[in-house]
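Below: the structure, in structure tokens.
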């Protein structure tokens, strides 16, 4: 039997991981950088998160993590309140044990992909920005600012996902302890 504090902690950590996954999705999906030449409606810059495979991967993993959290939430809530499983068979402890590990590893890979691509793209853009394009200095500064904000927001979204990963890693350890006690 696991203590009330452990089950309550697991519930709170699952809720935090779910919230962080949803926030990451919201930040990534709304992340774009656009700039049009005034009066001519010509796009000089139109970048969305979908333009980068790594950012799509971050959103997909955050969605998988959120779905897993939504599935786990009622069972974790019941387990925290009643101190016993809703369905008393070996399936749910196994599902917790393996599911928590898979989700935490997926989250870790998404964080690496999101931060890595955003950081490297921002770094390479700093050296080869819009200078030499024939645009005036003010327009170049605006474009640079928008591109840097785009990459910074992707880094922030991936960093929020790190909170979900940390929570799921702790839940994974706790579910491992719970799993080993049942054996």
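The values are calculated or read from the model by the stated rules, or taken from the named source; none is laboratory data. Remember, predicted model here, so these are calculated numbers, not experimental data. Using ideal geometry, Cβ is built from the backbone for each residue, glycine included, and neighbour counts are taken over all protein chains shown.
Of note:
- Within segment 78-90, being touching a helix residue (DSSP H, G or I) at 6+ places or on another chain (Cβ under 6 Å) and surrounded by 14 or more Cβ atoms within 10 Å (Cβ to Cβ) holds for 79, 80, 85.
- Between 160, 147, the distinction of being surrounded by 17 or more Cβ atoms within 10 Å (Cβ to Cβ), in contact with a helix residue (DSSP H, G or I) (Cβ under 8 Å, 6 or more places away or on another chain), modelled with pLDDT under 90 and under 18 Å from residue 31 (Cα atoms) belongs to 147 only.
- Among the residues making up segment 91-128, those that are farther than 21 Å from residue 54 by Cα and touching a helix residue (DSSP H, G or I) at 6+ places or on another chain (Cβ under 8 Å) are 92, 93, 94, 96, 97, 99, 100, 101.
- Residue check for residue 174: within 12 Å of the chain's Cα centre (by Cα) and within 19 Å of residue 16 (Cβ to Cβ): no
- All conditions but one from (1) farther than 16 Å from residue 178 by Cα; (2) surrounded by 12 or more Cβ atoms within 10 Å (Cβ to Cβ); (3) in contact with a helix residue (DSSP H, G or I) (Cβ under 9 Å, 6 or more places away or on another chain) apply to residue 30; the one that does not is (2).
- Residue 35 part of a helix (DSSP H, G or I) and buried (at least 17 other Cβ atoms within 10 Å of the Cβ): no
- Applying the condition of being surrounded by fewer than 15 Cβ atoms within 10 Å (Cβ to Cβ), more than 21 Å from the chain's Cα centre (by Cα) and part of a helix (DSSP H, G or I) to segment 114-138 and asking which residue is modelled with the highest pLDDT yields 123.
- Residue within segment 63-78 that is more than 22 Å from residue 116 (Cα to Cα) and over 26 Å from the mean Cα position of the chain (by Cα) present: yes
- Of all residues in segment 41-56 being buried (at least 17 other Cβ atoms within 10 Å of the Cβ) and within 13 Å of the chain's Cα centre (by Cα), the one that is nearest to residue 26 (Cα to Cα): 55
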